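Worksheet for the structure shown next.
The values are calculated or read from the model by the stated rules, or taken from the named source; none is laboratory data. Quick caveat: nothing in here was measured; it's all calculated off a predicted structure. Glycine also receives a Cβ, built like all others from the backbone with ideal geometry; neighbour counts cover every protein chain displayed. Side chains are part of the model used for accessible areas, which takes the heavy atoms of the whole protein and leaves out ligands, DNA and RNA. Shrake-Rupley method; radii C 1.70, N 1.55, O 1.52, S 1.80 Å.
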Amino acid sequence: MNKAEDEQPPRSLRSYDHRKAALSALVRALTDAGRDDAAHALTESAPHTWDRAELQAAMARGLVARGEDERALGLVRDFAASPRAPRAVAPVAAAWAAAGSVPQALAALRALPDAAAQAEALSLAAPSLTRDGHAAGAAALAPHARALADALTTPPWLAPDSVAAATAGLAWTGELEQARTLTRQLVESYARDEAIAAAAEAMAASGRYEEGVELADSLPEPLMKGRVLAAIAHWAARRGDFGTAVRTGAAIGNSEHQDWALLATVDCAVREHRYAEAVEAARALTEPRARVRALCAVDAAARRHGEDTCADVVTGEFKPEASASTDPEDGTGAWRCGLEAAAAEGWGDSARGRSAAVEALSLGPWHRCLHATRSAAPQALAEAVRAVLHDGGA
């Protein structure tokens, strides 16, 4: 990398990633629209081979969606030897597996040059399938996961990170016991921790929460442990086991991961109209601002759906939380009470909701109030705030 590239600030890297994501989306859209020549021309314009591979993968996914398997596989074979090819192959293989086309998914994986590259691709494809609701497609790849694990663990072992990838592939295709056995055999700390993390989350995804938590607790690095426990809590919430989600999230020592786990649990519970469980998740948050934000969301959602008794309980808890806020970045306690009043309306487009939005926006510096109101309040209130500003009422 030349000196000019070395001196670019971190933001330029993020902008580069955003540009690449936008180009991939454009390639996919062009392919979906049948404009293959334009999509191909865009892939060829990529400055680096690894960028080109990702754009070709986006086009291949579009071809898979159209049922043009041979052309898609031809594209995969074109970039299978490029740098970072496993990352490009993984979503294509996942697209085929999700569609029930397991032979094509296996053909995509086998286009990669060796077992290590195939294991890396499978370790990315299988969890994405499960997270998108295609666990059966992931399970169909289990025989290949077992074959890769056997190939990579036949003495002498290859690089530990390849074995860790094979372990993740086993775990996410449902081969949990073999995956757990492999985690015990790894000796290199980082690779072993990555394998344990994958196996623990896969355990939770299959409903085996206690075993997942036990594995996560064996991780020595606190941040990785917090990330995995947060993922386990999220899986429990997705499956409707809110008690496990709250207990797991509350046990996380890192505040950022705890916030993510418990706020996600609140969101899942609210979507299911299970407000009591949502309140329990909100109560478990240790960071006051996050707890106020969660209680605000539960209050508003409960009122929107006629659960006024539950909302009244939440409001009773919210008021002391709001009054106790001393963070200067959050504004004053009085402003927080105004935000509570607006959130309690439930619907931001009612006359009282609009009045409460004006009150919330007037109880402190407007830029702080606007930012906090839109981030902490439900979508309905955010719409009211925008309407108020548009009408010049604030």
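According to the Kirkwood relation over distinct C-alpha pairs, the hydrodynamic radius of the stretch 140-242 is 13.5 Å. Peptides 284-292, 28-36 ordered by packing proxy, namely the average of other Cβ atoms within 10 Å per residue, highest first: 284-292, 28-36. Largest accessible area first, the residues 210, 188, 201 order themselves as 210, 188, 201 under a 1.4 Å probe with ligands, DNA and RNA left out.
Using the average count of surrounding beta-carbon atoms within 10 Å as a protection proxy, the listed peptides 262-268, 308-314 rank, highest first, as 262-268, 308-314.
The slack between residue 251 and residue 48, meaning 0.36 nm per residue of separation minus the straight C-alpha distance, is 68.7 nm. Working note: Cα atoms of the stretch 92-190, range along each principal axis, descending, whole Å: 37, 26, 20. Summary of packing: across the peptides 211-222, 112-123, the per-residue average of other C-beta atoms within 10 Å ranks them, highest first, as 112-123, 211-222. Both radii are taken from the alpha-carbon atoms of the stretch 242-314; with Rh as the Kirkwood radius, Rg/Rh is 0.96.
If you take the Cα centroid of the stretch 153-173 and the Cα centroid of the stretch 176-245, the two points sit 17 Å apart. For the set 280, 175, the ranking by accessible area, highest first and with no ligand, DNA or RNA atoms included, is 280, 175 under a 1.4 Å probe. From the P(r) of the stretch 39-93, could you give the percentage of C-alpha pairs in the tail past 15 Å? Within the stretch 39-93, distances greater than 15 Å cover 36 percent of Cα pairs.
For the stretch 40-98 and the stretch 103-150, compute the distance between their C-alpha centroids and round to whole Å. Answer, in whole Å: 16. Note that the stretch 24-34 has calculated 3J(HN,Hα) couplings of 4, 5, 5, 4, 5, 5, 4, 5, 4, 7, x Hz, one per residue in order, obtained from phi through the Karplus relation 6.51 cos²θ - 1.76 cosθ + 1.60 (θ = phi - 60°); glycine and proline are x. Over the C-alpha trace of the stretch 62-146, radius of gyration and Dmax come out as 11.4, 31 angstrom.
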